[in-house]
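Below: the structure, in structure tokens.
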Amino acid sequence: MTLQERIESAMRDGMRARDERRTQTLRMAMSAAHNRQIELGRALTDEDYVDILGRQLKQRRESAEAFRAGGRDAMADAEDAEAAILAQRQRLLEELLARTSIPRIRLSSLQAQDISPELVRLWDDDRLCPHFHLPLQSGSDRVLGQMRRRYSAGQFRRAVALIRWRLPDVAITTDVIAGFPGETDAEFETTLRLCQETGFAAIHAFPYSKRPHTGAALMPGHLPPPVRRARLERLLEVAGESSRAFRRRFLGRTMDVLWEQASGGRWQGLTANYLRVYTAADADLANRVTPTRLSALEGEGLFGTADLTAATAA
């Protein structure tokens, strides 16, 4: 066998092994629900499927992090693990939609590199809430690299555009860190502009804080607290403007609200796209869904009038 033939053979073997690992991962994920059903000796409830989904995604994420911690030689395994996570998440969501009757399913957080046309297409089922939490952290590619984020600002923009093309009323929320070590004035301004351009429904802004035993703690260029605070205040201003602009889009609309709790005859709940809504009602609306006409901004949410005659159980 020539050297070229040996190289091609090794490449084929490597690809075959990778595909086998991915197939095994997916097979294990899809058998988890079956095994749980046998263990319990009964049909699974919606809550069982939710628990299985969470456990499987957590296990695969931990495996990917373990691979990544192994150093440069383990990066190929880490990439395989990440690919398996994405495929598994999509398949488990498909199973969750097919096997349960849960009226609202909200994913807690995704990363920009997770977003694909195949994944977003699942939101054609309106039981998946049109709310995506995509951590941005910084609009500077250099700072994102220092943070060891696996996406660029360009990738983030493309992910947002893909989601909004499919779901025009979607709420996209994010996390941003102000004053990461070495962040320049220009890099912070880049982050600020990206936040303004994106029009987030909510921005959770935090000042960088030094934590022991982290890579960032050892980096040069730690910024003075007054600089971090000043940048945070500017981020919070943008966050408030962005939130109000997003909520104003829905004034005059009638949207379904799932009511959660009441205090003093005033109920609060959430729309599918994560708008906090308040209403006044004497009736018990806990875990009920009503069409609600949104009429005014109130605090960090909106006030609306609920149609109690059309209330349904969640």
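Only the coordinates and a few stated rules stand behind these numbers; no lab work does. Here the structure is a predicted model, which means the values were calculated and not measured. Here the Cβ positions follow ideal geometry from the backbone for every residue, glycine too, while neighbour counts run over all protein chains shown.
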How high is the relative contact order of segment 103-249, in percent, counting Cα pairs under 8 Å that sit 6 or more residues apart? 23 percent
Output needed: percent of Cα pairs per 10 Å distance bin for segment 254-313, bins running from 0 to the one holding the longest distance. 27, 64, 9
Rounded to one decimal in nm, the spacing of the 7 Å Cα→Cβ label points at PHE206 and GLU241 is 2.5 nm
Relative contact order %, segment 168-232, counting alpha carbon pairs below 8 Å whose residues are six or more apart: 49 percent
Chain lengthening between SER152 and ARG99 when straightened (0.36 nm per residue, less Cα-Cα): 15.5 nm
Give me the mean projected area, in nm² to one decimal, of the convex hull enclosing the Cα positions of segment 212-304. 9.2 nm²
Between LEU297 and ARG91, the FRET efficiency computed from the C-beta separation at R0 = 41 Å comes out, to the nearest 0.05, as 0.55
